[in-house]
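Colleague: Starting off with a structure, shown below.
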Amino acid sequence: MSKHGIVRATFALLDDNGDIQKLEGTPFADGIYVADHNGEGFSQINVTGIEAAGTPQYANNAIKFVSYGQSQPTIALTALELDWIVNQMIKGFTQSANTGAWVRQLPKPHVALIAESQAKYDDLSIYECFNNIEIVEEASNNSTDTNAQADYATVLNATALKPMKSNIFLAANGVQQPYMIAKSNDKGFDKNKLYAEVFGGYQPTTNSGSGSAVTPTSQA
C-alpha cells in the first residue's frame with residue numbers, strides 16, 4: 001500500500017468510559033476537532049510500532065513457529081500550526097484560574113485520533129485510527145530571528161493504549177488491538193460507523209461548530 005499527503009488529523013477527547021466529550025466553550029464543543037483551519041495542519045504524522053518482527057521458535061533443527069509480541073504503536077506528529085487551546089487540552093494541561101496560564105496535569109486525557117491520508121494511485125482516503133492515546137510535547141525550542149524568521153513547529157509524541165471499550169477495534173478472532181486502518185473503498189466501509197467507533201459514539205451534525213470542519217459521510 002502506497003500513500004501520500006496528509007489530508008487532515010481529527011481529534012476527540014473521551015471520558016473514562018470511552019464516550020465522546022462535548023465541551024461547550026472550547027474547540028471540542030461538537031466533540032471532534034479537525035485540525036484544518038486557516039494556517040493550521042500537520043506536516044508529519046509518523047506511526048511506528050504497529051508490529052515488530054517475530055521471534056522464531058526452533059525445534060528439531062527447524063523453525064516450528066514464530067511468536068509475536070503485542071502491538072505498541074507510537075505516533076510522532078509535527079504541526080505547521082495547531083490551535084493553542086487544542087494543543088493544551090490534548091496534552092492534558094489545565095488553565096490556572098489565577099493567571100490564565102496552562103499547567104500540566106496528570107493523569108493524561110484519553111485522546112482519540114484519526115489520521116487521514118491519500119492512497120498513492122487512486123487518491124482515495126486512508127484512515128489510521130487510534131481510540132486511546134496519550135500525548136506529550138517533550139520540548140519547546142526557541143531561536144532568535146535574524147534576516148530569516150526562526151520558526152518552531154509544534155512536535156507531539158503519542159503512545160497508543162488499549163481502546164476504552166471492550167467491543168471496539170476487534171480483529172476477526174475477537175482480539176482487541178490498539179490500531180485500526182481503513183480505505184474508503186473497502187467492502188463494507190462506512191465512515192459514520194468508523195467515526196462512531198473511534199470517537200466514542202460520535203454522530204455527525206448538520207451544523208458543525210468551531211471544532212468541526214467536516215461532516216463525516218459514508219464513502220462506501
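The values are calculated or read from the model by the stated rules, or taken from the named source; none is laboratory data. Worth saying up front: this structure is predicted, and the values here are computed from it rather than measured. Every residue, glycine as well, gets a Cβ built from its backbone with ideal geometry; the counts of neighbours run over all protein chains shown. Accessible surface is based on the protein model in full, side chains and every heavy atom, while ligands, DNA and RNA are left aside. Shrake-Rupley method; radii C 1.70, N 1.55, O 1.52, S 1.80 Å.
Colleague: Of the numbered conditions (1) open to solvent by less than 50 Å² (accessible area, probe 1.4 Å); (2) over 19 Å from Ile20 (Cβ atoms); (3) assigned to a loop (DSSP other than H, G, I, E, B), Asn185 satisfies every one except a single condition; which is it?
Modeller: Among (1) open to solvent by less than 50 Å² (accessible area, probe 1.4 Å); (2) over 19 Å from Ile20 (Cβ atoms); (3) assigned to a loop (DSSP other than H, G, I, E, B), Asn185 violates only (1).
Colleague: Now, a different point. In the stretch 106-125, what residues are among the hydrophobic types (A, V, I, L, M, F, W, C), surrounded by fewer than 20 Cβ atoms within 10 Å (Cβ to Cβ) and either touching a Lys or Arg at 6+ places or on another chain (Cβ under 7 Å) or in a strand (DSSP E or B) (or both)?
Modeller: Ala119, Leu124
Colleague: Restricting the stretch 25-55 to residues that are β-branched (Val, Ile, Thr) and part of a loop (DSSP other than H, G, I, E, B), which is farthest from Val175 (Cα to Cα)?
Modeller: Only one residue tops the list, namely Thr26.
Colleague: Condition first: farther than 24 Å from Gly41 by Cβ, in contact with a strand residue (DSSP E or B) (Cβ under 9 Å, 6 or more places away or on another chain) and in a loop (DSSP other than H, G, I, E, B). Now tell me which residues in the stretch 90-105 satisfy that.
Modeller: Within the stretch 90-105, Ser96, Ala101, Gln105 meet the criteria.
Colleague: List the number of the failed condition for Gly41; all other conditions in (1) touching a residue at least 60 places away in the same chain (Cβ under 8 Å); (2) over 14 Å from Ile114 (Cβ atoms) hold.
Modeller: Of the numbered conditions (1) touching a residue at least 60 places away in the same chain (Cβ under 8 Å); (2) over 14 Å from Ile114 (Cβ atoms), the odd one out for Gly41 is (1).
Colleague: Any chance you could count how many residues in the stretch 129-167 are open to solvent by less than 70 Å² (accessible area, probe 1.4 Å), in a loop (DSSP other than H, G, I, E, B) and without any contact (Cβ under 8 Å) to a residue 60 or more places away in the chain?
Modeller: The qualifying residues number 5.
Colleague: If you don't mind, there's one more thing I want to ask. On the given criteria, is Lys22 free of Cβ contacts under 8 Å to residues at least 40 places away in the same chain, closer than 28 Å to Gln176 by Cα, open to solvent by less than 50 Å² (accessible area, probe 1.4 Å) and not in a strand (DSSP E or B)?
Modeller: For Lys22, the condition - free of Cβ contacts under 8 Å to residues at least 40 places away in the same chain, closer than 28 Å to Gln176 by Cα, open to solvent by less than 50 Å² (accessible area, probe 1.4 Å) and not in a strand (DSSP E or B) - is not met.
Colleague: Mind listing whichever residues of the stretch 56-77 are assigned to a strand (DSSP E or B) and surrounded by 15 or more Cβ atoms within 10 Å (Cβ to Cβ)?
Modeller: Ile75, Leu77
Colleague: Does His4 satisfy being in a strand (DSSP E or B) and modelled with pLDDT under 95?
Modeller: Answer is yes for this residue.
Colleague: Kindly indicate whether Ile85 is aliphatic (A, V, I, L, M) and closer than 16 Å to Pro163 by Cβ.
Modeller: So Ile85 does not fit the description; no.
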